């Protein structure tokens, strides 16, 4: 298993030897969920880190590597379906990338599909708004503290995606409604404000009572009623007794 220290050492050696790094790392892989990897990697399902083959480490060592290492992972059949992720280690079989199942669903792929992986640099996040699918998540003892701990398994946040948080034997899904300062950000060693939107299963507020049209509240005498009106000298007293702002049926 290759660590980040190995990667950085490889890059340093490459630069010291006068190597000319390529512009970017871009490689396609056959994608499988974490369940197909060694059991020691199953914990990656609660996060966004993936596992790549050792050849990826060799290729990255020939390029400028900026820590933290972040990647854009996209559906090769539909490149518009993409997310961002980190990497945990380089022990996968050659040509294979092990990816969390929830992330695969976000980009619309299943086991065996091809993905394109490209290294990227993302700005540090400052704000995230999350919307739990299930209100049970907000009823946990301290959902903010739980979320803070679980987000340590994540490298990035992508607006419009749905992340998975595993806690106490349950998997909670949360929609990423908004992120700042960009639509995709790094949350590694970042001071991020987290806001919760109302859960998706929360009952909607009842519609407000209809407000009657103001014209319905103005009384206008009919022809017969006009004939019953007192003389002009007493009309002001007559109207004051009727009272303004009432419906005709309330007279």
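With the structure loaded, tell me whether residue 156 is more than 23 Å from residue 79 (Cα to Cα), at pLDDT 95 or above and not assigned by TED's automatic domain parsing to the domain that holds residue 78 or whether it fails that test.
On the way: more than 23 Å from residue 79 (Cα to Cα): no; at pLDDT 95 or above: yes; not assigned by TED's automatic domain parsing to the domain that holds residue 78: yes.
Here the answer is no, as residue 156 does not meet what is asked.
Which residues, counting only those in the range 158-172, are touching a residue at least 60 places away in the same chain (Cβ under 8 Å) and either surrounded by 16 or more Cβ atoms within 10 Å (Cβ to Cβ) or farther than 17 Å from residue 137 by Cβ (or both)?
Scanning the range 158-172 gives 158, 161, 162, 163, 164, 165.
Does the range 103-121 hold any residues that are under 20 Å from the mean Cα position of the chain (by Cα) and at pLDDT 95 or above, and which are they? Working first, answer last.
Start the filter on the range 103-121 by keeping residues that are under 20 Å from the mean Cα position of the chain (by Cα), which leaves 103-109, 120-121.
Passing the criteria: 103, 104, 105, 106, 107, 108, 109.
Which condition breaks for residue 52 when tested against (1) outside any strand (DSSP E or B); (2) at pLDDT 95 or above?
Every listed condition holds for residue 52 apart from (1).
Being in contact (Cβ under 8 Å) with a residue 12 or more places away in the chain, part of a loop (DSSP other than H, G, I, E, B) and assigned by TED's automatic domain parsing to the domain that holds residue 50, is that true of even one residue in the range 79-93?
From the range 79-93, those in contact (Cβ under 8 Å) with a residue 12 or more places away in the chain are 79, 81-93; that's our starting set.
Next, only the ones that are part of a loop (DSSP other than H, G, I, E, B) stay: 93.
Those still in the list that are assigned by TED's automatic domain parsing to the domain that holds residue 50 too: 93.
Within the range 79-93, one or more residues are in contact (Cβ under 8 Å) with a residue 12 or more places away in the chain, part of a loop (DSSP other than H, G, I, E, B) and assigned by TED's automatic domain parsing to the domain that holds residue 50.
Looking only at the range 94-105, decide whether some residue is over 24 Å from residue 186 (Cβ atoms) and out of contact with any strand residue (DSSP E or B) (no Cβ under 8 Å at 6 or more places or on another chain). Break it down stepwise before answering.
So in the range 94-105, the residues over 24 Å from residue 186 (Cβ atoms) come out as 94-96.
Remaining after also requiring out of contact with any strand residue (DSSP E or B) (no Cβ under 8 Å at 6 or more places or on another chain): none.
For the range 94-105, residues over 24 Å from residue 186 (Cβ atoms) and out of contact with any strand residue (DSSP E or B) (no Cβ under 8 Å at 6 or more places or on another chain): absent.
How many residues are farther than 19 Å from residue 49 by Cβ and free of Cβ contacts under 8 Å to residues at least 60 places away in the same chain if we restrict to the range 173-203?
Filtering the range 173-203 for residues farther than 19 Å from residue 49 by Cβ gives 175, 177-178, 180-183, 191, 193-203.
Pick out the ones that are also free of Cβ contacts under 8 Å to residues at least 60 places away in the same chain and you get 175, 177-178, 180-181, 183, 203.
The number of residues fulfilling the criteria is 7.
Select, from 135, 141, the only residue that is touching a residue at least 40 places away in the same chain (Cβ under 8 Å) and out of contact with any strand residue (DSSP E or B) (no Cβ under 7 Å at 6 or more places or on another chain).
Details: 141 fails: touching a residue at least 40 places away in the same chain (Cβ under 8 Å).
Sole residue among the options that is touching a residue at least 40 places away in the same chain (Cβ under 8 Å) and out of contact with any strand residue (DSSP E or B) (no Cβ under 7 Å at 6 or more places or on another chain): 135.
The values are calculated or read from the model by the stated rules, or taken from the named source; none is laboratory data. Bear in mind the structure is a predicted one, so any value in this text is a computation, not a measurement. Cβ atoms come from the backbone with ideal geometry, glycine included; neighbour counts cover every protein chain shown.
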